[in-house]
Amino acid sequence: MNALSKEVAEVTRKTGAPATTLPALEAWVAEVAALTQPDAIHWCDGSDEENEALIAKMLTDGTLLKLNERTHPGSYLHRSHPDDVARVEHLTFVCSRNRDDAGPNNPWMAPDEAHAKMDALFDGCMRGRTMYVIPYCMGPIDSPLARCGVEITDSPYVVANMRIMTRMGAAALARIEREGTERAARGERTDTFVKGLHSTGELDPNRRFIMHFPEALTIKSYGSGYGGNALLGKKCHALRIASWQAREEGWLAEHMLIVGIENPKGETRYIAAAFPSACGKTNLAMLIPPEGYRRDGWKVWTVGDDICWMRPGADGRLYAINPEAGFFGVAPGTSSKSNPNALATIQRNTIFTNVALTADGQPWWEGLDDRVPAFDWRGNAYDSSNGPAAHPNARFTVSARQCPSWTPAAENPQGVPISAIVFGGRRASLVPLVFQARDWRHGVLVGAAMGSETTAAATGQVGVMRRDPMAMKPFCGYNFADYFAHWLSFDRPGMKLPPIFHVNWFRKGADGRFLWPGFGENLRVLEWILDRAEGRAGAVETPIGHLPRADDLNLDGLDLDGAALQTLLTFDRDGWRAEFDSLGAYLDEFGARMPQALKDEHGRVVSALGG
């Protein structure tokens, strides 16, 4: 045992925490301890007792505030620093050895430079603090699709959230050690768990860097206590690093919800769907069928609301797991009308971040109800002239198992079979309510063409249209051209790929109002999608894909006038010519690495449009 390992062993002995049996993990923890110089090291076991102690500590120092125990038992409020409230995409880097491997879709920094920059920030940053070592598993512990990681942090708030969002603690550590031992026996490297190092630092917004080293399976994040910047199992591991792993290993790591639709015959079929943040993923994942559908026996089951890992099965179909164990959802807009299941889920054992408070200590946000809060998200007395009471990107962290529509299929180690893949965005015009790609290659182009108006989930201006392929623009850990090529590679003999669709719930009329009622009524569109997947529903072919006619959709009992329906199902040839001109220019930004097959598919559609 070297000097650093002895130092770590001594600290863990004093704290009573378990040391690891994996030398590679012990050595890394020792290296981090020597760099950050914490006063103590705590190896997290994920137990109730540990969580209760951490909660008590945070209540004492003001990190958490206890909410009304009668209305929201076991729930707490956290207020982040006022300028630490969202992802920081301009300070988020992919540090591959080759700059072109990161692609124009990612800010890039050379690995040596990035390590030097981050290590200078981490030098001594945990003096006076406890260093928490968090072993975690993304996905069911016994799933061959799951992948493990270890996050080191100085934030007990991160520990509490990671306990909800991942399978964290002793079982995850046991899997990491078992896999390391098996690799050692084969003479392979044993540090193949994802290594994440995080510190809140001094919360300087100009030094709020997140560095991803995909070849080394390493993440370094500094200067933020907010959500995805600090919970490294989420976007950092589950998408940026996992997308690189997925390409290397032949699977897909996607920014997608997974939802099961059970028909009156008792048959459940699963859909994976990609939407940019704050564009309705959680609402769709927890959808409640309209009254008529419920009466007929339709049910909707939630597997996941944000991230989907898909792998080809032995039968050629794609099987998916949700690597997360909880929901980190956007609170504003969540209500008994928009998402009753989500609202029911967060009535207990929930950590709220940057919401407002009522006078009796209940969480509140815009869109919840007509009450007037007493305190805004900063903790000040509420004054409407100072802006929204809750931050527009206020969040809740809660166990997925609390959701009324949660399904035990989410714990199936083999995953669930995917019957359809759906892409979507927030488009006020042009894009129809729903259309189907003609084949897999066209579907990849449809995903590549996705665009949406920006939301408060990321820093920057709100309401600006930007391309967001497969909803992965902020999250793909490598060059989009290579990413599209990886998607195209699944179209091979023996595969039974799901059909691909595109939806747009956000089409507006001339008066600026949404034409489609959305929410539970979206099941009408999902029914058509699943029937199309099984060859049972009609459609009309257009250059952009197959569109339903009004008679192809089940619109019984829906109050929707004919003009609105016509607009929702209209194909605008001239508008799509302009759209594909823009798309072509976007694809050209990736140069020679853009797969020829996708460029050819773009040309095919342009030709069909008459452009």
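The values are calculated or read from the model by the stated rules, or taken from the named source; none is laboratory data. For clarity, every value in this text was computed on a predicted model and none was experimentally measured. Ideal geometry is used to build each Cβ from the backbone, glycine not excepted, and the neighbour counts take in all protein chains shown. Heads up: the accessible areas ignore ligands, DNA and RNA and are worked out on the full protein's heavy atoms, side chains in. Shrake-Rupley method; radii C 1.70, N 1.55, O 1.52, S 1.80 Å.
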Taking only region 561-592 into account, find how many residues are under 33 Å from the mean Cα position of the chain (by Cα) and open to solvent by 40 Å² or more (accessible area, probe 1.4 Å).
12
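Determine whether LEU287 is in contact with a Lys or Arg (Cβ under 7 Å, 6 or more places away or on another chain), of a type outside the set (Asp, Glu) and in contact (Cβ under 8 Å) with a residue 12 or more places away in the chain.
no
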Can you pull out every residue in region 501-536 that is open to solvent by 20 Å² or more (accessible area, probe 1.4 Å), part of a loop (DSSP other than H, G, I, E, B) and either under 16 Å from ILE421 (Cβ atoms) or of a type in the set (A, V, I, L, M) (or both)?
ALA510, LEU515, GLU534
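So which helices (runs of 4 or more DSSP H) are wholly in region 271-369 and hold at least 1 residues that are open to solvent by less than 30 Å² (accessible area, probe 1.4 Å), within 26 Å of ALA449 (Cβ to Cβ) and touching a helix residue (DSSP H, G or I) at 6+ places or on another chain (Cβ under 8 Å)? Walk me through how you get there before you give the answer.
Numbers: elements: 281-285, 291-296, 340-345.
Hits in region 271-369: 281-285.
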Every pair of residues 6+ apart whose Cβ atoms lie under 8 Å, when the first sits in region 501-513 and is more than 10 Å from SER429 (Cβ to Cβ) while the second is open to solvent by 80 Å² or more (accessible area, probe 1.4 Å)
TRP505/PHE514
Given the condition open to solvent by 10 Å² or more (accessible area, probe 1.4 Å), at pLDDT 95 or above and in contact with a Lys or Arg (Cβ under 6 Å, 6 or more places away or on another chain), answer yes or no: does some residue in region 401-413 qualify?
no
How about region 396-416: which of its residues are closer than 14 Å to ILE258 by Cα and among the polar types (S, T, N, Q)?
SER405, THR407, ASN412
Looking at region 19-31, I want the residues that are assigned to a helix (DSSP H, G or I) and crowded, with 21+ Cβ neighbours inside 10 Å and have a partner that is acidic (Asp, Glu) and at pLDDT 95 or above with Cβ atoms under 9 Å, at least 6 apart or on another chain. Which pairs are those?
LEU25/GLU177
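Residues in region 557-565: is at least one assigned to a helix (DSSP H, G or I) and under 23 Å from ILE421 (Cβ atoms)? Show your work before the answer.
The initial filter retains those residues of region 557-565 that are assigned to a helix (DSSP H, G or I), namely 562-565.
From what's left, under 23 Å from ILE421 (Cβ atoms): none.
Within region 557-565 (the criterion being assigned to a helix (DSSP H, G or I) and under 23 Å from ILE421 (Cβ atoms)), the answer is no, since none of the residues qualifies.
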Those residues of region 377-412 that are outside any strand (DSSP E or B) and either touching a residue at least 40 places away in the same chain (Cβ under 8 Å) or under 27 Å from the mean Cα position of the chain (by Cα) (or both) come to a total of 22
Quick check: is even one residue across region 180-199 assigned to a loop (DSSP other than H, G, I, E, B), open to solvent by less than 10 Å² (accessible area, probe 1.4 Å) and of a type outside the set (A, V, I, L, M, F, W, C)?
no
Determine which member of the set ALA564, ALA537, ALA550, ALA533 is touching a Pro at 6+ places or on another chain (Cβ under 6 Å) and not charged (D, E, K, R).
ALA533
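For region 216-269, which strands (runs of 3 or more DSSP E) that fit wholly inside it have 2 or more residues that are surrounded by fewer than 23 Cβ atoms within 10 Å (Cβ to Cβ)?
Details: elements: 218-222, 252-254, 256-262.
Because the criterion is at least 2 residues that are surrounded by fewer than 23 Cβ atoms within 10 Å (Cβ to Cβ), the strands (runs of 3 or more DSSP E) in region 216-269 that meet it are 256-262.
Can you spot a residue in region 481-500 that is assigned to a strand (DSSP E or B), open to solvent by 10 Å² or more (accessible area, probe 1.4 Å) and among the charged types (D, E, K, R)? Steps first, please.
Here is the first cut: in region 481-500, the residues assigned to a strand (DSSP E or B) are 500.
Next cut, open to solvent by 10 Å² or more (accessible area, probe 1.4 Å) only: none.
No, every residue in region 481-500 fails to be assigned to a strand (DSSP E or B), open to solvent by 10 Å² or more (accessible area, probe 1.4 Å) and among the charged types (D, E, K, R).
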Being out of contact with any strand residue (DSSP E or B) (no Cβ under 7 Å at 6 or more places or on another chain), closer than 20 Å to ALA160 by Cβ and touching a residue at least 12 places away in the same chain (Cβ under 8 Å), is that true of even one residue in region 100-116?
no
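Would you be able to tell me the number of residues in region 595-611 that are closer than 17 Å to ASP482 by Cα and either open to solvent by 50 Å² or more (accessible area, probe 1.4 Å) or hydroxyl-bearing (Ser, Thr, Tyr) (or both)? Working first, answer last.
Of region 595-611, the ones closer than 17 Å to ASP482 by Cα are 595-602.
Among the residues that remain, those that are also either open to solvent by 50 Å² or more (accessible area, probe 1.4 Å) or hydroxyl-bearing (Ser, Thr, Tyr) (or both) are: 596, 599-600.
Of the residues in region 595-611, 3 are closer than 17 Å to ASP482 by Cα and either open to solvent by 50 Å² or more (accessible area, probe 1.4 Å) or hydroxyl-bearing (Ser, Thr, Tyr) (or both).
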